[in-house]
Every structure is written in structure tokens, then in C-alpha cells.
Amino acid sequence: MSDPAPDLAAQARASQQRAALAAATYQALKQRRRLKSHRIITYRCPDRCLLLDVLNLPQGVVFHQPAYKLPPAVNAAASSTRGREKHTRDGDRRWQSWTYFAEDCTNVSTNCVHVHQVVLDKAEVKADLDAGHAEMVVDGAGERRPG
């Protein structure tokens, strides 16, 4: 029987490369002001912060979660020092953006200063798209409504 570790390592590298491609493509479209032509749905908090931007690209559907900042008490309760050091821009409260292909996740944890760790399942995103919504508002309890 072969060792599965090399396969897992190769899969991890491929996923990282795809995420880098997704991020570079998103940034290029943003710089050229072309996001709107690829956007299929957005999720925002009731105060209009962008939680999730969903684009349809030739390479596949891309999810983009913008950088965000959490209130100090929420940040301390919801993360570890090591996690903050690794995933924030300032080592504390300014969390990095994430851009990746939808097929590389099962759900999305959305955050902004108003909404904390509300999980959107990909099936919910698909249902919102199937219903013809272009924008959804997500509150702190995870309730969604058309925007």
C-alpha cells in the first residue's frame, strides 16, 4: 500500500496555487474595475460591509472575503495569539482577505465589525443564486434576506 502523505501534500500545493490564481485574478479585475462584469452575488452586513463577493470566472466560481477588523473583545475571545500573528496584517485585529475557488471549501465564515463568524454554507449560496438574488444581507444571527 502506498503512503497517502505525498498525495495530500500535492493536493495542498495545488490548492494553494489555485488560491493564488484566484486572488491574483480578483485583484486584477478590481484594479481594472471589472469585478461587476463577473460578480454573480454579494453578501453584506446590515451596515453594508462586504462579507462575501462571489464571481463567475472561466476557471470556476471564486469566493472573496475582504479584510476586516473585529472589536477588541470579540477578537480576543474568537482567536488565539498564534492565529492572530499568522492571519492578520497587524498581528492583532486587522484580518487578511481571503480569495479562493468555491470548490475548495464547504462553507464560509463571514466577518466584519458588525457580524462575527456567521457561517454561510455553499448550498445556501447556491439557493440564493437559484432564487435570482444578486445581493443578500446577512445579520449577526445568520438570517439572510435579499439586499
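Data overview
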quantity	calculated
Long-range neighbours under 8 Å by Cβ, at least six apart or interchain, first residue more than 16 Å from Leu129 (Cβ to Cβ) and at pLDDT below 95 within the range 39-63, second part of a strand (DSSP E or B) and not small (Gly, Ala, Ser)	Gln59/Phe101
Long-range neighbours under 8 Å by Cβ, at least six apart or interchain, first residue polar (S, T, N, Q) within the range 134-147, second at pLDDT below 95 and in a strand (DSSP E or B)	none
Candidate set: the range 78-97, residues that are in contact with a strand residue (DSSP E or B) (Cβ under 8 Å, 6 or more places away or on another chain) and more than 16 Å from His116 (Cβ to Cβ); chosen: the one surrounded by the most Cβ atoms within 10 Å (Cβ to Cβ)	Ser97
Criterion: under 17 Å from the mean Cα position of the chain (by Cα), closer than 30 Å to Gln11 by Cβ and modelled with pLDDT under 95 - qualifying residue of Asp128, Asp104	Asp104
Output for the range 19-36, where each listed residue is in contact (Cβ under 8 Å) with a residue 40 or more places away in the chain and touching a helix residue (DSSP H, G or I) at 6+ places or on another chain (Cβ under 8 Å)	Ala19, Tyr26
Conditions (1) over 14 Å from Thr99 (Cβ atoms); (2) under 18 Å from the mean Cα position of the chain (by Cα); (3) surrounded by 11 or more Cβ atoms within 10 Å (Cβ to Cβ); number of the one not met by Ala14	(2)
Any hit, the range 81-92, residues being more than 20 Å from Ala23 (Cα to Cα), of a type in the set (D, E, K, R) and either modelled with pLDDT of 95 or more or touching an Asp or Glu at 6+ places or on another chain (Cβ under 7 Å) (or both)	yes
Qualifying positions in the range 56-77 - touching a strand residue (DSSP E or B) at 6+ places or on another chain (Cβ under 9 Å) and either over 30 Å from His38 (Cα atoms) or among the polar types (S, T, N, Q) (or both)	Asn56, Gln59, Gln65, Asn75
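For every residue, the table says whether it meets (1) in contact with a Ser or Thr (Cβ under 8 Å, 6 or more places away or on another chain); (2) at positive phi; (3) among the small types (Gly, Ala, Ser).
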{"site": "His38", "(1), (2), (3)": "no, no, no"}
{"site": "Gln59", "(1), (2), (3)": "yes, no, no"}
{"site": "Val62", "(1), (2), (3)": "yes, no, no"}
{"site": "Asn75", "(1), (2), (3)": "no, no, no"}
{"site": "Gly83", "(1), (2), (3)": "no, no, yes"}
{"site": "Gly91", "(1), (2), (3)": "no, yes, yes"}
{"site": "Thr106", "(1), (2), (3)": "no, no, no"}
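The values are calculated or read from the model by the stated rules, or taken from the named source; none is laboratory data. Please read all numbers here as calculations on a predicted model, not as lab measurements. Positions of Cβ are backbone-derived with ideal geometry, glycine not excepted, and every protein chain shown enters the neighbour counts.
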